[in-house]
Amino acid sequence: MQSNPFSRHAHQVLTVARGQASGPGSDPSIARSWLRCLEDYHLDPALAQAPVVLEHGRLLESRERLRQVLQIADSEMNSLHQQLSGSGHAVLLTDARGVILNCVTAPTERRIFERAGLWLGADWSEAREGTNGIGTCLVERQALTIHQDEHFRGRHTGLTCSASPVFDPHGELLAVLDVSSARPDVSRQSQFHTMALVNLSAKMIEGCYFLRHFEHQWLLRFHLQAESVGLFSEGLLAFDGDGRICAVNQGALNLLGTIRGGVLGKPVDMFFACSHDELFSRATPQGCAAWPLHTRDGRRVFASLRGQAHTPAWSVPPAAPLAKAVPQPALCLLDPALQNDFRRAVRVFERDVPLLLRGETGCGKEAFAQAVHQASDRRDKAFVAINCASIPESLIESELFGYRGGSFTGARKEGMRGKLLQADGGTLLLDEIGDMPLALQTRLLRVLEERRVVPIGGEPQAVDVRIISATHRDLLERVEQGSFREDLYYRLNGLEVALPALRERSDKAQLLDFLLAQEADGLPIGIAPAARQALLDFAWPGNVRQMRNVLRTLVALCEDHRIEHADLPPIVKHGATPVAAGLPANEGEPLVMAGQPHGGPVTLEDVERDALLAVLEAKRWHMTHVAEHLGISRNTLYRKLRKHGIARAG
């Protein structure tokens, strides 16, 4: 065994085998895992070898198997990373074997986590890497945190990992969602909040997958409280046109007080005091309104039913094929400047002129692109979006261009159609185009010029696609830096549309009402004047996306269908400043304007504040450029500005 920290940790682990557990090994779940590692897997806790990583082809195959889960989890993982303030965290999704299929982390921190072994394709099963968040979660089938010395291998004791399982509609393990930190100052107590967020996000992914998996079935959603229908704790029950239950989630089993085997294949009216006909008559296509329903044992729940009312079965297919049905995107366009930009964008898009959408993160670039597509003559064709920043560099080529069956080890026999071919005849949105690797920029330019796609290992195929690109970066600046091709920039920039940040929009009040109505989904939600004004005064650094998330939470938690000022999150309730300031400040703290002198002895906080001001002035208060220069996320930057009470004068 190796000496120093690894051997000391190995000695601590080996005490478990002798029945002398102390420290981390005194926790029963940790002790069980350590014993499995020693007795079942025969692992050496002092061995410092790196995790096994799947070859590229097998990784693609694994991602393809969980394609739908990855699509659902993408936005939830990014949201979770933002909620954790980004810095120092990696959000990971693995398959049921413990292989990492996706990772969200700050670009500046990617190397840190790769050195810790958190690579795409790395196998973090317990049998390979010993006690760890991912692998032990798979074995224990429950949410847990493995903190530093609780890891089996000494190599991993610098990590703190909080993981939660994701189950499929049949109760089988589907994936694991994990948040890992490599910071040495992370305490176990601090992980209670992280663990709660991870568990909530895993349940959200689980619920969305259930809903999508059974989108052609009757779907009953129910809970003991009406306001909880539609939230992660709700019961989900799918059944066919004969009323026979075909799937149920754990929330439904808990609410019904039964086990999965006692439900599947049984008629739904066996559990609820309601006949088939009465239940079917309550159905709506969206299943939005909740109504009282009694279980057979007399308990009252609130339920909604998705389906076609008075239709006994889904025997008649929808009039239009689902694959071609593109829903009308929700977009509020009451800002005059935004209206004008939209009209111009549609006109040039109809002439096959590519659009370049530029704006801060969360300002609605994808919604704007969908609206342009819907207003065009291609509205009945596919709208396909690919996020060039969220897909790992090693996988983006196959995602964009596809591959021929058998072109590499692990490739699917039938091959895979890339995003460009999926969008054939329709529209392709290249989101975060500024983060596309240079090598792929060259291939994309050739496709746009020749109108032909060459899948990996395949032959050229003609493609008819209109392109919309979106970015929060200054592409001309990236051209000057050599990280973006100048010829591709001019090829994509047929018309550039600068979308305003939420704080700059003149229709903020109408947008607030618009989003609230969407999130209420038919419920009559009112809002107190003080709460409404606080929401309008807040600067919304996360833009429309942040406002939507806040409203979604408020709708879920408000009492008596009314949002009061007390319901607002602290950052909105106490942090609002005049919109012109451009960012929120804490109530009761003085607002220090840029350049305002301050006295007293120099502290570390003073140095940080002065450094922030220097970079802000050098970058002319362009927040994205400031964050990139400092190597932090925009959320972290705004948090530091609030901490020091910094706002731009005027």
**Message:** Looking at (1) in contact with a Phe, Trp or Tyr (Cβ under 9 Å, 6 or more places away or on another chain); (2) touching a residue at least 40 places away in the same chain (Cβ under 8 Å), which one does Gly135 not meet, given that it meets all the others?
**Reply:** (2)
**Request:** Check whether at least one residue in the range 538-554 is surrounded by fewer than 15 Cβ atoms within 10 Å (Cβ to Cβ) and of a type outside the set (Ser, Thr, Tyr), and report yes or no.
**Result:** no
**Message:** Please return the ranges of strands (runs of 3 or more DSSP E) entirely within the range 169-258 where 2 or more residues are assigned by TED's automatic domain parsing to the domain that holds Arg110.
**Reply:** 173-181
**Item:** Flag if Ala238 is out of contact with any Cys (no Cβ under 8 Å at 6 or more places or on another chain), surrounded by 15 or more Cβ atoms within 10 Å (Cβ to Cβ), at pLDDT 90 or above and small (Gly, Ala, Ser)
**Value:** no
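For every residue, the table says whether it meets (1) within 19 Å of Ser180 (Cβ to Cβ); (2) buried (at least 18 other Cβ atoms within 10 Å of the Cβ); (3) assigned by TED's automatic domain parsing to the domain that holds Leu120.
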| position | (1), (2), (3) |
| --- | --- |
| Ala48 | yes, no, yes |
| Val52 | yes, no, yes |
| Arg58 | no, no, yes |
| Arg63 | no, yes, yes |
| Leu66 | no, yes, yes |
| Leu70 | yes, yes, yes |
| Ala73 | yes, yes, yes |
| Leu80 | yes, yes, yes |
**Complete:** Scanning the range 169-219 for residues that are in contact with a Lys or Arg (Cβ under 8 Å, 6 or more places away or on another chain) and buried (at least 18 other Cβ atoms within 10 Å of the Cβ) gives Trp218, Leu219
**Request:** Output the residue which, of all residues in the range 55-89 that are hydroxyl-bearing (Ser, Thr, Tyr) and assigned to a helix (DSSP H, G or I), is farthest from Ala385 (Cα to Cα).
**Result:** Ser62
**Prompt:** Given (1) farther than 30 Å from Gly434 by Cβ; (2) assigned to a helix (DSSP H, G or I), where does Leu488 come up short, assuming only one miss?
**Reply:** (1)
**Message:** Against the condition part of a loop (DSSP other than H, G, I, E, B), in the same structural domain as Asp44 (by TED's automatic domain parsing) and under 24 Å from Glu55 (Cβ atoms), how does Arg128 come out, does it pass?
**Reply:** no
**Request:** Could you run through the range 564-575 and say how many residues are of a type in the set (Val, Ile, Thr) and more than 12 Å from Gln533 (Cα to Cα)?
**Result:** 1
**Asked** Only one of (1) over 27 Å from the mean Cα position of the chain (by Cα); (2) outside any strand (DSSP E or B) is not met by Glu496, so which one is it?
**Response** (2)
**Asked** Right, Leu512: under 24 Å from the mean Cα position of the chain (by Cα) and either farther than 23 Å from Lys419 by Cβ or surrounded by 14 or more Cβ atoms within 10 Å (Cβ to Cβ) (or both) or not?
**Response** yes
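This table checks each residue for (1) touching a residue at least 60 places away in the same chain (Cβ under 8 Å); (2) more than 30 Å from His213 (Cβ to Cβ); (3) not hydrophobic (A, V, I, L, M, F, W, C).
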residue	(1), (2), (3)
Leu54	yes, no, no
Leu80	yes, no, no
Gly88	yes, yes, yes
Thr94	yes, no, yes
Val99	no, no, no
Arg110	no, yes, yes
Arg115	no, yes, yes
Leu120	yes, no, no
**Prompt:** When you scan the range 321-434 for helices (runs of 4 or more DSSP H) that lie fully inside it, which ones turn up with 1 or more residues that are modelled with pLDDT of 80 or more, polar (S, T, N, Q) and in contact with a strand residue (DSSP E or B) (Cβ under 9 Å, 6 or more places away or on another chain)?
**Reply:** 365-375, 393-401, 419-422
**Request:** Could you please find all residues in the range 445-465 being surrounded by fewer than 22 Cβ atoms within 10 Å (Cβ to Cβ) and touching a Leu at 6+ places or on another chain (Cβ under 7 Å)?
**Result:** Leu445, Val447, Gln461, Val463
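The values are calculated or read from the model by the stated rules, or taken from the named source; none is laboratory data. As the structure is a computational prediction, the values presented were derived from the model and not from experiment. Backbone-built Cβ (ideal geometry, glycine too); neighbour counts: all protein chains shown.
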